[in-house]
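Inspection log for the structure reproduced underneath, given as C-alpha cells.
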Amino acid sequence: MAETTVRYGPSVQATSIHSTPTDVSVLNFALTLEHLETAFYSEGLTKYSDADFAAAGFKSDVRGWYQQILAHEKSHVETITAVLTQKLGAAPVSPCNYSFPLNDTKSFVTLSAAFETVGASAYTGALSMISDKEILTVAGEILSVEGRQSAWINSAPLGHNPWNGRFEIPLTMNEVFTIASTFIKSCPSSNPTLPVKPFPQLGLPGNARPGQNITLSFDQAGRTGDLFLVLFTADGPKSVSIAADKSVVLPSGDLRGTIFAIVSTEKDFADDSTTVAGPALLMIPFNENLTVV
C-alpha cells in the first residue's frame, strides 16, 4: 500500500491537508454529500417517469435501477446519521436547499454520472482522515457502492467506459466541496460548521477532448507568475501551462475517463495550498479499445 501511495500522484495530493479533521467532521461532510445525492435522485425520479426514460431512448429497466440507487443513498444517510448520534454522540447535519440543472432525462443521467464519480473520489480521499476502524469500514462499504453505481451509470445508460483506469482519484474535502457547493443554495443555520471552504470556480468546455486548444474561465485574483492546469487522471497527474489569455492545449496522449482539472501555481501538482481555481470535472468517454468516443 505504501508503494502505491508513493508511486501514484493523486494519492499524494489528496493527503496534503494542513489540519486533519475529526471523525465527526469527516462523517458530517460525507452526510452533506449523501443528502445532496438523495435530494438529486428524489427530484429526478419524481420529475421523470418510465415513459420519459423510454422516450429518451433508455432501456425499460434504467429507471428501476435508479430507484435502487436512491434507496442506497437514503440508507447511507441513515447509517451515517446513526454513527454520528449513537456512536459519537454528535449532531448530524440536516439537508440543505439545492438547485439541480435538470432539463430532461438525459441531463439527469449525465449529472448522475458526475455525482457518483465525485462521491467515489470524496470517500477515497477521506479514508486516510478517519481514525476509528469501525467508521473506516463503514466508509469503505459506502465507497464500494458509490464506485459500483458509477460503473453502472457510465456503462449501461451512457454506454461508455465503466471505469477510468487503474486507480480511483482521491480528492480533498475542499476540492469536493468546490464541486458540491455549486448545487447548494442554502443550509440550515443550525447545521454544524464544516472545516471546508470552496475554491473559486473553474469553467472549461464540457466537450473538451485531447489535443484541443480551449479557453478557461476563472478568477485569477491578482495572481502573477506562471499558472498550470493540473489534470488529475486515474493514472496520475498531467499538467499544461496556462497562457496569458487563459488558453491551454490539452495533452494529446492518454487523456481519457474522469478528469479533475485544477488551476495551480505548481506544475504537475495541486493541493489546497497551491490551488487557484477548481476542480472542474471533465469526462472524456472511451471504448473497450481505449479510444476516445
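The values are calculated or read from the model by the stated rules, or taken from the named source; none is laboratory data. Note that the structure is a prediction, hence the values are computed from the model and not measured. Counting neighbours? That spans all protein chains shown, and the Cβs are built from the backbone with ideal geometry, glycine included.
Observations
- Restricting attention to segment 218-275, the residues being among the aliphatic types (A, V, I, L, M) and either in the same structural domain as residue 153 (by TED's automatic domain parsing) or not in a loop (DSSP other than H, G, I, E, B) (or both) number 10.
- Residue count for segment 79-92 under the criterion of being on the phi > 0 side of the Ramachandran plot and surrounded by 12 or more Cβ atoms within 10 Å (Cβ to Cβ): the result is 0.
- Candidates 156, 139, 126, 120: the one that is farther than 28 Å from residue 192 by Cα and buried (at least 16 other Cβ atoms within 10 Å of the Cβ) is 156.
- The residues listed here are 48, 41; of these, the one that is among the aromatic types (Phe, Trp, Tyr) and under 20 Å from the mean Cα position of the chain (by Cα) is 41.
- Some residue of segment 86-95 being more than 18 Å from the chain's Cα centre (by Cα) and charged (D, E, K, R): yes
- Scanning segment 143-164 turns up no residue that is under 10 Å from the mean Cα position of the chain (by Cα) and at pLDDT 95 or above.
- In segment 199-240, the qualifying residues are those that are hydroxyl-bearing (Ser, Thr, Tyr) and surrounded by 12 or more Cβ atoms within 10 Å (Cβ to Cβ), and the one that is farthest from residue 286 (Cα to Cα) is 217.
- Checklist (1) more than 17 Å from the chain's Cα centre (by Cα); (2) assigned to a helix (DSSP H, G or I) applied to residue 122, failing item: (1)
- Taking the conditions (1) buried (at least 22 other Cβ atoms within 10 Å of the Cβ); (2) at pLDDT 95 or above; (3) not β-branched (Val, Ile, Thr) in turn, residue 104 satisfies each one other than (1).
- Complete set of residues in segment 53-78 that are closer than 17 Å to residue 153 by Cα and either surrounded by 16 or more Cβ atoms within 10 Å (Cβ to Cβ) or among the aromatic types (Phe, Trp, Tyr) (or both): 53, 56, 58, 62, 63, 65, 66, 69, 70, 72, 73
- Residue satisfying all of: in segment 159-186; assigned to a loop (DSSP other than H, G, I, E, B) and out of contact with any Ser or Thr (no Cβ under 8 Å at 6 or more places or on another chain); surrounded by the most Cβ atoms within 10 Å (Cβ to Cβ) among these: 160
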